[in-house]
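Everything on this sheet refers to the single structure shown next.
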Amino acid sequence: MRIAHISDIHCNYGTDFNNKVYERAVKILNKVDADIVFISGDLTTDGLITEYEYAEEKLKDIEGKLVIVPGNHDERNLGWKLFPEFFGETDFIHTYDEINLIGLASSEPDKDNGRLGRGRHKLIEQGIKKNDKMTIIGFHHHVVPVPNSGRETNIIDDAGETIDIILKNKVPLVLMGHRHVPWAVKIHKTLLVNAGTFSCNRTRARFGNTFNIVDINDDKIEVTVVNIGREKQKKMIEFDFNDGRCKNRYYDPDAEI
Ligand SMILES: [Fe+2]
Ligand SMILES: [Fe+2]
């Protein structure tokens, strides 16, 4: 199964949204033949109705099945009321042939950091117990500090409890965004993976605009970063369930490999 993991589109009429990059990114994305396109929030910048309408229009260019959770920017200015109108439920368990995907709203209105809370922790446990399929989780914020993304002030309030549930249940994969840099790390038997920003001008240093391709099969997860400006792909991390081996290349846009 292949998931295209994109994040932080930031549709906006100010300086955040780069339409040229977006169009280029969608062209690449539509060729990767993903079973699902998972968007981990920040589709807008200020949560305004004009931005929601803009985002809805822009998403029509993406081919394939979209699965979306909100980010902190989408909840600004009462945007949390608009999100379900435009993009559906914010917390869900979707079941596919190979996996369960639990999507969660990690944001709190008008705050940059987030929180999952006990209700969403219960949803994680429900998803895991639902059947024998692999369960993966996606939300906007991060649970451990992300390198190359500045001083840590945005981690979710209940990161400790969240990690505890994830690690004890051996959830193999958590997909996140928010920090505008691609990153991945393996902790115990879990890959924590952040997608960078798809089309926001607020990129960091030379990381540029990126999205991730996540390939999942019976014994392996592989995550590849697509650099949109350079139209280049680099494998970021691979994790083999059979022998427990993990190869992390710690994505660096300028490194040779
Ligand atoms: Fe963002
Ligand atoms: Fe964010």
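FYI, it's all coordinate maths here, none of it is from the lab. This is a predicted model, so every value here is computed, not measured. Note that we place each Cβ from the backbone using ideal geometry, even for glycine, and neighbour counts take in every protein chain shown.
Annotations
- Taking the chain and dividing mean pair separation by its residue count, relative contact order in percent (alpha carbons under 8 Å, at least six apart): 18
- Virtual spin-label span in nm between R249 and K60, 7 Å along Cα→Cβ: 3.7
- Residues in the stretch 158-202 reached by a label modelled at K111 [backbone nitrogen below 14 Å; 7 Å Cα→Cβ]: 158-160
- Listed values for the stretch 20-30 are Karplus-derived 3J(HN,Hα) couplings in whole Hz (6.51 cos²θ - 1.76 cosθ + 1.60, θ = phi - 60°), namely 5, 5, 4, 5, 5, 5, 5, 4, 5, 4, 5, and x replaces Gly and Pro.
- Working note: Cα gyration tensor of the stretch 57-166, eigenvalues times five, square-rooted, sorted largest first, giving semi-axes of 22, 21, 14 Å.
- In a reduced charge model with +1 at each Lys and Arg Cβ and -1 at each Asp and Glu Cβ, the stretch 2-92 shows a dipole moment near 380 debye about its Cα centre.
- Zone of R204's modelled label, taken as backbone nitrogen in the stretch 64-83 under 17 Å from a point 7 Å along Cα→Cβ: 72-73
- For the stretch 48-149: relative contact order, % (alpha-carbon pairs under 8 angstrom, 6 or more apart): 28
- Distance between modelled label sites at E152 and I49, nm, 7 Å Cα→Cβ extension: 4.1
- The loop-placed GluC sites (Glu not before Pro) in the stretch 163-254, going by DSSP, that have at most 15 neighbouring Cβ atoms within 10 Å of their Cβ come out as E231.
- In terms of its C-alpha gyration tensor, the chain has a rounded overall shape, because the principal axis ratio a/c (a ≥ b ≥ c, square roots of the eigenvalues) stays below 1.5.
- Mean separation of Cα contacts under 8 Å (6+ apart) over length of the stretch 175-218, as relative contact order %: 35
- The H on the amide N of F17, modeled in the peptide plane, is under 5 Å from the matching H of N12, N201, each at least 5 residues off or on a different chain.
- Estimated inter-spin distance, R24 and R230, nm [label 7 Å along Cα→Cβ]: 1.3
- With θ taken as phi - 60° and the Karplus curve 6.51 cos²θ - 1.76 cosθ + 1.60 applied, the whole-hertz 3J(HN,Hα) list for the stretch 193-204 is 10, 10, 8, x, 8, 6, 8, 8, 5, 7, 9, 10 Hz, x standing for glycine and proline.
- Whole-number D in µm²/s for the stretch 4-71 (Stokes-Einstein; Kirkwood sum over Cα pairs; 37 °C, 0.692 mPa s): 272
- Counting only Cβ charges, +1 for Lys and Arg and -1 for Asp and Glu, the dipole size of the stretch 83-152 around its Cα centre is about 300 debye.
- Phi to ³J(HN,Hα) by Karplus 6.51 cos²θ - 1.76 cosθ + 1.60 over the stretch 74-86, Hz, x for Gly, Pro: 6, 9, 5, 6, 6, x, 4, 6, 7, 3, x, 4, 8
- Pairs exceeding 28 Å between alpha-carbon atoms, taken from K130/K234; K20/K234; K58/K133; K122/K186; K111/K247: K130/K234; K58/K133; K111/K247.
- Efficiency of FRET from Cβ geometry, D215 and K129, R₀ 35 Å, rounded to 0.05: 0.85
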